[in-house]
Amino acid sequence: MPPQRLLSDPRALIAIAAAAGPSLLAYNLSPSPTYLNQALAFALWAGFVMVSLPARPGRGPWAVWVALAVLAAAALWSWGPGALPASLALSALGTLFAAAVLLAGGAGARARPDAEALFIAFCWAWVIAGVLNIAVALVQVFWPGLPDGSWLAASGIPGRAVGNLRQPNHLSSLLLWHCIAVVALLELGRLKRGAAGMLLAAAVFAVVLTASRTGVVSVLVLALWGLLDRRLSRPARLLLLATPLAYLLSWLAMAQWAALTQHAFGGAQRLAESDISSSRVAIWRDTLALIAQQPWAGVGFGEFNLAWTLTPLPQRPVAFFDHTHNLPLQLAVELGLPLAALVMGLLLWALWRGLRLAWAAPAGLGVAQRSAMLMVLMIGLHSLVEYPLWYGYFLLPAAWAWGFALQPAPQSAAQPRAAEPSPPPSHAVGAVALLVAVGAALSVLDYLRVATIFAATPGAPPLEQRIAEGQRSVFFAHHADYAAVTSGPSRPEEARAFDRVTHYLLDTRLMMAWAQSLAARGELDAARHVAARLREFRKADAAEFFAPCEPGGGGGAAAAASGVSAAGTAASAATPLPAGRPFQCEAPARALGWREFAASGF
């Protein structure tokens, strides 16, 4: 469709909203800085499926559907026989269901007679989203005093663009999807060479502003596409081959600008970092150790953080990780090697199948399918060092693009017949897409039940009442549990709250509170184990907790009480500990495994 028709096509309008809206939403509510962005993505991408009225998708994406079903079964097993809290399991199941729906939507869109027009709308969405995010990036780097935090996010990293998603890697991935969409529209005759060249150059410059290492590699992938895909036109190939040069020139220009103006350039700071992997090598090493300990069944879906944090690892990185930052390793450590091999085998087969179909498709649809597969490959590459597919605003459009690429051409397209009727729209796909959209809206209401805990408004109920209401949340009760065990006063259900919240993300405050609660209940070995694991992180905000253990730090009951105060809970203050050194200064008398904690034994 030509650009002037975008505003008159509801499919294009909702696609633009779905691509741009979540990435531009700067407003957020604690405790999750991205949940509103993700909920918006769920609702709008489901809306795109509904307005595009896909045909019956057939069996094209079957391998990815099976992979998603295996993951859903693993989540159910981790929830039912396992110890994963209901809120975390239901969140994962809802996300997997939405991905399956978008996969069907993409495959159904490819089965329609106007499949090319639908993909063009999809591409325009990413081009416009990219342009708007380039503007945000420029403001964050060159006019850092302008962002107000609500409409335009301020960068928390001097000299680097982070977008309104506040993550430079996410901004980089979005801009690279923008680049792929620009090339697709150029090849499909919807963009002129000059416009395409300017859009690509601007996006590559903005990738430099993010200083994302995956961005550098992804720019090289764009050049590789131009080198290998001989079905692209000469102008498109030349533009793609020029992207590394554009990146280098942009980098040199920014370095010179920073030197002349005395402004910070995030890229130069990244080059100066001693740990170029940002602790990824360390977390991968620890993950391999966990896999070696539990190779067959893994630690359980969603249980990586708990298993990793509570396993003795003296050389662990100092940051708290809830993900391995590598998709194959994440599957292997949580599902075990057999199931991980099955899921990865299905996904790799689907990648191969998608590429094969894309290269076999004729003319414009071939461009569309190859571009869709490049989007999937690009986010897959990012998934080897990050976890973008854990965010709805990447997962859902990636699923749609993959479904589009995996759907074989209809028989009528290969052998056109004058009397061939158009395939009827799939009302089943539309119905489940509506279910996803409604679920996204209801999840926001559910989220507000816990958001009020962390940002009380005038006239709000007392904190204890807000926490109790939040603990009844379907998808976010673990956030309310966190508040319950770290906010100060003890509660009758404290032990049960620890059983749930510790499966989400263990941090300094939570581990101190947990250790104190265990000690107060007489579980001194468990308390010492948690404290010993916290000590391995070498966190400055735990210094007061461990101060009694230092020479001259004191001991006995007074020191124990000091530890209670540092943890921020009063539960253990009412229960005196045995005389002597505080529990956090002693090693456990017996070795404990992380599963003893996961099984609600403490």
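Read the figures in this text as sums done on the coordinates, not as results from a lab. A quick note: this is a predicted structure, and the numbers were derived from the prediction, not measured. Methodologically, a virtual Cβ is constructed for each residue, glycine included, from the backbone with ideal geometry; neighbour enumeration extends over all protein chains shown.
Could you work out the local net charge near ARG231, counting Lys and Arg as +1, Asp and Glu as -1, over the other residues with Cβ closer than 15 Å to its Cβ?
On the way: positive: ARG230, ARG234, ARG237, ARG356, ARG370; negative: GLU187, ASP229.
Overall, the nearby charge balance is +3.
From the phi angles alone, apply the Karplus equation (6.51, -1.76, 1.60; θ = phi - 60°) to segment 74-91 and give each ³J(HN,Hα) in whole Hz, x where the residue is Gly or Pro.
Ordered by residue, 3J(HN,Hα) equals 5, 5, 5, 5, 5, 7, x, x, x, 10, 4, x, 4, 5, 6, 5, 5, 4 Hz.
Given Cβ point charges of +1 (Lys, Arg) and -1 (Asp, Glu) and nothing else, what value in debye, to the nearest 20, does the dipole of the chain about its Cα centre take?
Values: 40 positive and 30 negative charges, 337 e Å.
Approximately 1620 debye in magnitude.
Would you be so kind as to identify which of GLN330, VAL51, SER517 lies farthest towards the positive end of the dipole of the chain, taking Lys and Arg as +1 and Asp and Glu as -1 on Cβ and the Cα centre as origin?
VAL51
What ranking do TRP77, TRP126 get, fewest neighbouring Cβ atoms within 10 angstrom at the top? Mind dumping the intermediate values first?
On the way: TRP77 16, TRP126 29.
Arranged by neighbour count, lowest to highest, TRP77, TRP126 become TRP77, TRP126.
Going toward the positive end of the dipole of segment 432-539, with +1 on Lys and Arg Cβ and -1 on Asp and Glu Cβ, which of VAL450, HIS503, ALA526 do you reach last?
Farthest along the dipole direction, towards plus: ALA526.
Using helices alone, I'd like the mean residue ellipticity at 222 nm for the chain: each DSSP H run of four-plus residues gives -39500 (n - 2.57), total over residue count, nearest 500.
Numbers: 27 runs with 387 residues, N = 602.
Taken over the chain, the calculation gives -21000 deg cm²/dmol.
Taking the alpha-carbon centroid of each part, what is the distance from segment 301-322 to segment 100-135 in angstrom?
If we compute the Cα centre of each part, the gap is 38 Å.
Using the C-alpha gyration tensor of segment 105-225, what are the square roots of 5 times its eigenvalues, in whole angstrom, with the largest one first? Don't jump to the answer; show the numbers that get you there.
On the way: eigenvalues 157, 48, 34 Å².
Its equivalent ellipsoid spans semi-axes of 28, 16, 13 Å.
Can you work out D for segment 178-293 in µm² s⁻¹ from Stokes-Einstein, where Rh is the Kirkwood radius over C-alpha pairs, the temperature is 37 °C and the viscosity is 0.692 mPa s?
Working: Rh = 16.1 Å.
Once the numbers are plugged in, D ends up at 203 µm²/s.
Along the charge dipole of the chain, which of ALA242, ALA398, LEU346 sits closest to the positive end, that is, farthest toward it, with unit charges on the beta carbon of Lys, Arg, Asp and Glu (+1, +1, -1, -1)?
The residue sitting most towards the positive pole is ALA242.
Among VAL376, VAL530, rank each residue by its count of other Cβ atoms within 10 Å, from fewest to most, as a rough exposure measure. Write down the numbers at each step before the final one.
Values: VAL376 24, VAL530 31.
With the fewest neighbours first, VAL376, VAL530 line up as VAL376, VAL530.
Taking other Cβ within 10 Å of each residue's Cβ, how do ILE283, ILE120 sort, fewest first?
Details: ILE283 23, ILE120 26.
Final ranking by Cβ density, sparse to dense: ILE283, ILE120.
Go through [x] 0.99; [y] 1.03; [z] 1.35 and flag the label whose value is the computed Cα Rg over 2.2 N^0.38 Å for this structure.
[y]
Just how large is the dipole of segment 279-383 about the Cα centre, in debye to the nearest 20, putting +1 at every Lys and Arg Cβ and -1 at every Asp and Glu Cβ? Mind dumping the intermediate values first?
Details: 6 positive and 4 negative charges, 80 e Å.
Rounded to the nearest 20 debye, it is 380 debye.
Write down, largest first, the equivalent ellipsoid semi-axes of segment 302-413 in whole Å, where each equals the square root of 5 times an eigenvalue of the alpha-carbon gyration tensor. Before the final figure, lay out the partial values.
Values: eigenvalues 246, 39, 20 Å².
Gyration-tensor ellipsoid for segment 302-413: 35, 14, 10 Å.
Going by Cβ distance under 4.7 Å, what cysteines of the chain have no possible disulfide partner?
So far as the 4.7 Å Cβ criterion goes, CYS123, CYS179 stand without a partner in the chain.
Only loop residues by DSSP count here, and only those with at most 16 other Cβ atoms within 10 Å; note down the GluC sites (Glu not before Pro) in segment 273-355 that meet that.
On the way: sites: GLU273, GLU303, GLU334; in loops: GLU273, GLU303.
Here the sparse-neighbourhood loop sites are GLU273.
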